[in-house]
Amino acid sequence: MDFSQINKLSVKSFNDQKSLIKRIGNGQTVHCADCGQVLQLRVPGKNQSQDDARYGIHCSKGCTDIELEFEA
C-alpha cells in the first residue's frame, strides 16, 4: 500500500483547513466548498453553556464542520 499519496492528501487537507480558519478569523467571508453557503464561526460566549455548544466553523447544512477547542 502506498502511504505517500495518503500523507500528501492529509497534509493538503490540513493546510486547506488552516488557511480557511485564518481567513475567517481575519473577518473575510468564506463560502462552503460544497453548498456555497457562508461559513459561520461559533466561539464561546458569556451566555452559552459549554455542555451543548459546538464551537468551530460550520455551514448551516453541515457540509463543513470543523470543531475547534478554545482556552479561557
Next item on the list: Examine the stretch 2-15 for a residue that is at pLDDT below 95, surrounded by fewer than 10 Cβ atoms within 10 Å (Cβ to Cβ) and part of a loop (DSSP other than H, G, I, E, B), and state whether such a residue exists.
Entry: yes
Next item on the list: Pick out the one residue from Cys35, Cys59 that is open to solvent by less than 50 Å² (accessible area, probe 1.4 Å), modelled with pLDDT of 90 or more and out of contact with any Ser or Thr (no Cβ under 9 Å at 6 or more places or on another chain).
Entry: Cys59
Next item on the list: Filter the stretch 38-48 down to residues that are touching a helix residue (DSSP H, G or I) at 6+ places or on another chain (Cβ under 9 Å) and either modelled with pLDDT of 95 or more or among the hydrophobic types (A, V, I, L, M, F, W, C) (or both), then give me how many there are.
Entry: 2
Check: Looking only at the stretch 1-39, which residues are under 14 Å from the mean Cα position of the chain (by Cα) and either among the aromatic types (Phe, Trp, Tyr) or farther than 18 Å from Gly56 by Cα (or both)?
Finding: Phe14
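The values are calculated or read from the model by the stated rules, or taken from the named source; none is laboratory data. For clarity, every value in this text was computed on a predicted model and none was experimentally measured. With ideal geometry, Cβ positions are generated from the backbone for all residues, glycine too; neighbour counts draw on all protein chains shown. When the accessible area is computed, the model is the full protein with side chains, heavy atoms only, and any ligands, DNA or RNA have been set aside. Shrake-Rupley method; radii C 1.70, N 1.55, O 1.52, S 1.80 Å.
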